[in-house]
Amino acid sequence: MRYTDRPGARREVHIAADPARVWEIVTDVEAMTGWSPELERVEWQDGAAGPAPGVRYVGHNRHPVVGEWRTTSEFTQCAPQRTLTWCVLDTEGLYSSPAKDTTAPMATWSFALTPTPGGGTALRQSVTLGPAPSGLSVFIDRAPDQEEAIIAHRLGELATGMEATLEGIKGAAEA
C-alpha cells in the first residue's frame, strides 16, 4: 500500500433513528469535537455556520505524537439525509503548493446514510488519503522503506477515530 494508491478506511454503524435525525447530528460539525480523538475545534469561514458545497471550515487538531495542527476543509457534497463529503486542503502550502480548490486534497472524508428497515439508519464514515502530500508524507519521506507500515498505522488510527465518532453520533441520535 503506497500513498500514491490513495489508501483509505471506512467504518459503519447501525443507528436506531431515522435518517433525518442522524443527518441533523452529522451536519453539526462542531459536535464532532466531542467524539473525534483528534478534532478539537472548528472555525467556520466566510460567515458560514454549517455545511454546504463550497463552505469551508478550519479544523484545529491534536495528536499525542504529532502535536497540534490545523487544516482547512471544504464541503464538496451535501445531499440531505444521504451524503456529506469534504476535502482537506493544504491552503497554507505546508507540504506542497497551496491548494486553491478541491481537485488535489490531502484527504477526502465522507458520511453516507442509508435508511434501514424499521426506521433505522446505516451510517458509514470513510476517508481516502491524498493525492496531495500531507503531514503523513513527512513521515514517509523520513523513512521511505517504511511507507506501507506508516500508512497502515495511520489508517488504523483513523479507523479508531471513526469508530469513536460513529459511536458518538449513534449515542446522540438514539438518546
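The values are calculated or read from the model by the stated rules, or taken from the named source; none is laboratory data. Owing to the predicted nature of the structure, the values given are computational and were not obtained by experimental measurement. Counting neighbours? That spans all protein chains shown, and the Cβs are built from the backbone with ideal geometry, glycine included.
So, in the range 119-144, of the ones that are part of a loop (DSSP other than H, G, I, E, B) and in contact (Cβ under 8 Å) with a residue 12 or more places away in the chain, which residue ends up nearest to residue 22 (Cα to Cα)?
From the range 119-144, those part of a loop (DSSP other than H, G, I, E, B) are 119, 130-134, 143; that's our starting set.
If we keep only those that are in contact (Cβ under 8 Å) with a residue 12 or more places away in the chain as well, we get 119, 130-134.
Values: 119: 11, 130: 28, 131: 30, 132: 31, 133: 33, 134: 31 Å.
Here the residue is 119.
Could you list, in sequence order, the residues of the range 82-129 that are within 21 Å of residue 36 (Cα to Cα) and of a type in the set (S, T, N, Q)? Those that are within 21 Å of residue 36 (Cα to Cα) and of a type in the set (S, T, N, Q): 83, 85, 108, 110, 121, 125, 126, 128. Considered as a group, the residues in the range 3-32 that are surrounded by fewer than 18 Cβ atoms within 10 Å (Cβ to Cβ) and of a type in the set (Ser, Thr, Tyr) include one that is nearest to the chain's Cα centre (by Cα), and that residue is 27.
What number of residues within the range 43-98 satisfy the criterion of being of a type in the set (Gly, Ala, Ser), outside any strand (DSSP E or B) and under 25 Å from residue 22 (Cβ atoms)?
Count: 5.
I want to confirm something. Restricting to the range 55-76 and keeping residues that are over 23 Å from residue 168 (Cα atoms) and over 16 Å from the mean Cα position of the chain (by Cα), which single residue is surrounded by the fewest Cβ atoms within 10 Å (Cβ to Cβ)? Of everything passing the filter in the range 55-76, 65 is surrounded by the fewest Cβ atoms within 10 Å (Cβ to Cβ). Scanning the range 118-139 for residues that are among the β-branched types (Val, Ile, Thr) and in contact with a Pro (Cβ under 7 Å, 6 or more places away or on another chain) yields a total of 1. Cβ-Cβ contacts under 7 Å between residues 6 or more apart (or on different chains), taken from a first residue in the range 17-36 that is in a loop (DSSP other than H, G, I, E, B) to a second residue that is of a type in the set (Ser, Thr, Tyr) and modelled with pLDDT of 95 or more, are listed as 17/121; 18/121; 35/165; 36/165.
Considering only residues that are among the small types (Gly, Ala, Ser) and surrounded by 15 or more Cβ atoms within 10 Å (Cβ to Cβ), which ones fall in the range 33-46? Across the range 33-46, the qualifying residue is only 36.
Kindly provide the set of residues from the range 111-122 that are more than 14 Å from residue 9 (Cα to Cα) and either touching a helix residue (DSSP H, G or I) at 6+ places or on another chain (Cβ under 7 Å) or among the aromatic types (Phe, Trp, Tyr) (or both), ordered by number. Walk me through it before giving the result.
Step one: filter the range 111-122 for residues more than 14 Å from residue 9 (Cα to Cα), giving 113-122.
Correct list: 113, 115, 121.
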